[in-house]
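See structure below.
Please treat every number below as a calculation from the coordinates, not as lab data. Everything quoted here is computed from the prediction, not taken from an experiment. So basically every Cβ, Gly included, is an ideal-geometry build from the backbone, and we count neighbours across all protein chains shown.
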Amino acid sequence: MKVLVTGGAGFIGSHIVEALVDSQYEVVVVDNLVTGHLKNIPPHVRFYQQDVRGNIDDLFAKEEPDFVIHQAAQVSVSHSFIDPLYDCEENIIGTLNILQACVRHNVKKVVFASTAAVYGNPVYLPVDEAHPLQPISFYGLSKGHAEKCIHIFAETHHLDYSILRYANVYGPRQDARGEAGVIAVFIEKLIQGESPVMFGDGKQTRDFIFVKDVARANVAALTNGNREILNIGTGQEISILEIIEQLATITGKPILPVLRPGREGDIRSSVLQNDRAQLMLQWSPCHSLQKGLLETVHYYQQESLAGMRG
Ligand code: NAD
């Protein structure tokens, strides 16, 4: 079975590619490398440097994928406020283009990367899939619209799908410059011998899920969870202070963060209920925070050493 991964040169996409290869799928990647890197793709995986908003029919006709895992997107919440049209083009029009190609080329199923940002400020915790959709960013809004497009395609063209709403994903290859990557930012600062900046009292919580668990959920969604919208998180609320404590234990160094006032608009607490994903995908996250952080710290240390060697 052949899987086309859009955005497969990116942080999460590249881990999905690896998980698919490990599960004996044939994998093809399309990515325009706007934020992704060629070095993230295993050498034997076929790669097309192409934009998902452009003419993608030739690629589909040539490769005839059985499944599409659609990760390519504009992923920055803050950038979505600067240029909402770009989010619209990338996340809605790009998705529509992929959906049309899927229908024209008889793709069996599309798995879509959505986000907890579609919920906005939680009205209750943990956030389940029935929680109201009240996005507070153009990023969340664009992803919510893309989800609706997928629904309509499923109804009108019988295209199967799974929509996976990811919590805060962390792990190797995350870009420390992305504002979603607080763990990557902290680790990079620590490796550079600098203090990380902590906004507010550090008691704000998030649901941090290790990237390899997200990749496994995507692989599981090829065969399970058809026509489902599923939260992909750990179900555990972790505070920023807890992250700092765990990183101090792992690195063996005390961490004294630089304190800054809380940022306006930051959500206080967030955690996703993952029961439905566990049931429908026959999946559960298997990396504890400690294990995931250890692997992530190790990755950034290796990268730093490689950088020093030139
Ligand atoms: P990323 O920026 O590392 O990956 C996105 C990839 O898509 C990059 O390789 C980029 O080059 C590619 N891309 C972007 N626009 C493209 C286009 N028009 N045509 C072709 N390729 C294009 O980001 P990521 O964190 O790996 O995000 C992957 C997916 O997961 C996204 O859809 C994102 O919205 C979703 N998501 C991420 C998080 C998180 O915490 N990182 C949380 C929720 C949802």
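Structure above, values below:
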| item | result |
| --- | --- |
| Relative packing of 85-94, 249-258, 182-191, 49-58, which averages over residues the other C-beta atoms within 10 Å, highest first | 182-191, 85-94, 49-58, 249-258 |
| Nearest-20 debye value, the chain charge dipole, Cβ charges on Lys, Arg, Asp, Glu | 340 debye |
| Mean Cα-pair separation over length for the chain, i.e. relative contact order, pairs under 8 Å, 6 or more apart, % | 17 percent |
| Note, ³J(HN,Hα) from phi for segment 156-172, Karplus 6.51, -1.76, 1.60, rounded to Hz, x at Gly and Pro | 8, 10, 6, 8, 6, 7, 10, 9, 10, 9, 7, 7, 7, 8, 9, x, x |
| Anchor residue 39: lysines whose Cα lies under 21 Å away (excluding residues fewer than 8 positions away in-chain) | 212 |
| Per-peptide average of other Cβ atoms within 10 Å, ordering 223-229, 26-32 highest first | 26-32, 223-229 |
| Hz values of 3J(HN,Hα) by residue in segment 215-232 - Karplus curve (6.51, -1.76, 1.60), Gly and Pro given as x | 4, 5, 5, 5, 5, 4, 6, 5, 10, 10, x, 5, 6, 10, 9, 9, 6, 10 |
| Dipole of segment 2-309 [Lys/Arg +1, Asp/Glu -1 at C-beta], most positive-end residue of 217, 280, 113 | 217 |
| Hydrodynamic radius (Kirkwood) for segment 2-309, which is based on Cα pairs only, to one decimal in Å | 19.7 Å |
| Within the chain, helix-based [θ] at 222 nm, where runs of 4 or more DSSP H residues each add -39,500 (n - 2.57), nearest 500 | -12000 deg cm²/dmol |
| Inter-centroid distance (Cα atoms) of segment 111-186 relative to segment 16-37, Å | 20 Å |
| Rel. contact order, % - alpha carbon contacts under 8 angstrom, at least six apart, segment 7-150 | 21 percent |
| Rounded tilt (10° steps) of 289-309 against the dominant C-alpha axis of the chain | 90 degrees |
| Segment 88-108 versus segment 222-293: alpha-carbon centroid distance in Å | 30 Å |
| Rounded if a/c under 1.5, otherwise prolate or oblate - segment 246-310, Cα gyration tensor axes | oblate |
| Amide H within-cut-off set for residue 165, under 5 Å, with H built and near neighbours excluded | 114, 230, 231, 232 |
| DSSP beta bridge pairing in the chain, given as percent antiparallel to the nearest 5 | 5 percent |
